[in-house]
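Input: a single structure, listed below in structure tokens.
The values are calculated or read from the model by the stated rules, or taken from the named source; none is laboratory data. Only a predicted model underlies this, so the values are computations on that prediction, with no experimental measurement involved. Because the Cβ atoms are built from the backbone with ideal geometry, glycine has one as well, and the counts that use them run over all protein chains shown.
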Amino acid sequence: FGKPLILLDKTTSTQEDARQLAEEGASEGTLVISEEQTGGRGRMGKKFYSPRGKGIWMSLVLRPKQPLHLTQQLTLLTGVAVCRAIAKCTGVQMDIKWPNDILFQGKKVCGILLESATEDERVRYCIAGIGISANLKESDFPEDLRSVATSVRMAGGTAVNRTELIQSIMAEMEGLYQLYNEQGFTPIASLWEALSGSVGREVHVQTARERFSGMATGLNRDGALLVRNQAGELIPVYSGDIFFDT
Ligand code: BTN
């Protein structure tokens with residue numbers, strides 16, 4: 001993964017660039033990286049802060065063979081890859097908040113956005129977008145983000161080599177993707193659960209339809225988060241957000 005590599009100085013969103021390349025037939029593993037995004041996008045229509053020079057803003061083209069309802073598994077796989085790569089490059093162990101934020105001491109370091117293009121339930125391609133506040137300092141964040149966001153540099157105490165971190169993420173992605181294609185989601189789910197800061201905790205769940213609280217117990221075979229509600233029922237959460245009482 002990471003070949004071919006398209007390096008940009010400035011773009012609206014690497015998601016759009018990668019999508020266009022995929023439409024034009026770009027092969028699996030094609031990676032678009034930009035120094036800066038002027039219209040970085042997060043999940044659920046949110047903006048994603050992507051300033052010049054200190055972050056890692058990149059999008060990877062995947063062409064999975066699995067059906068559409070399983071693409072959530074790729075989101076989780078990407079989170080595992082980033083978490084492992086950060087640990088390898090810096091020695092700092094972060095955790096994953098379901099579905100895909102990488103947190104250090106409760107503050108967000110990385111967000112992942114997985115988007116799919118489909119045709120009759122068949123996945124044509126996926127774009128795995130990864131945004132990491134690699135070397136931002138506290139003063140580089142707008143004030144409203146300072147209480148909720150941090151960076152690899154702030155967590156580890158020293159700047160991280162962005163090229164090495166990107167190479168490490170690609171190596172992890174490639175290895176995990178191969179494991180996934182050979183053995184399915186079960187080994188990925190175990191790795192995710194071990195890195196998760198959500199499993200075994202009381203969580204508040206917000207989906208498009210409802211809000212409830214309960215104990216997160218793990219993942220089901222599709223990659224949904226299992227939450228035991230107050231009535232003792234195990235509810236699979238396929239999309240939405242979770243919150244903790246701090
Ligand atoms: C989230 O936290 O909600 C997901 C954030 C994903 C951000 C990355 S940065 C590279 C790629 N381009 C975008 O516009 N978004 C993703």
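The lone criterion from (1) of a type in the set (D, E); (2) within 30 Å of S27 (Cα to Cα); (3) exposed (fewer than 14 other Cβ atoms within 10 Å of the Cβ) left unmet by E143 is number (2). Criterion applied to L68, L21 was being within 15 Å of the ligand (Cβ to nearest atom) and farther than 22 Å from L136 by Cα, and the one residue passing it is L21.
The single condition from (1) over 24 Å from K108 (Cβ atoms); (2) modelled with pLDDT of 95 or more that R209 fails is (2). Please indicate, with yes or no, whether at least one residue in the stretch 208-226 is among the β-branched types (V, I, T), surrounded by fewer than 19 Cβ atoms within 10 Å (Cβ to Cβ) and touching a Lys or Arg at 6+ places or on another chain (Cβ under 8 Å). Yes; the residues of the stretch 208-226 include at least one that is among the β-branched types (V, I, T), surrounded by fewer than 19 Cβ atoms within 10 Å (Cβ to Cβ) and touching a Lys or Arg at 6+ places or on another chain (Cβ under 8 Å). Being modelled with pLDDT under 95 and under 18 Å from L165 (Cβ atoms) holds for only one residue in G79, G53, G29, and it is G53. Against the conditions (1) farther than 14 Å from L74 by Cα; (2) touching a Leu at 6+ places or on another chain (Cβ under 7 Å); (3) surrounded by 22 or more Cβ atoms within 10 Å (Cβ to Cβ), C110 satisfies every one except (2). Comparison of A85, A26, A22 shows that the only residue that is within 26 Å of Y238 (Cβ to Cβ), in contact (Cβ under 8 Å) with a residue 12 or more places away in the chain and aliphatic (A, V, I, L, M) is A22.
Mind checking which residues of the stretch 35-54 are more than 6 Å from the ligand (Cβ to nearest atom), in contact with a Ser or Thr (Cβ under 7 Å, 6 or more places away or on another chain) and within 28 Å of Y180 (Cα to Cα)? Matches in the stretch 35-54: none.
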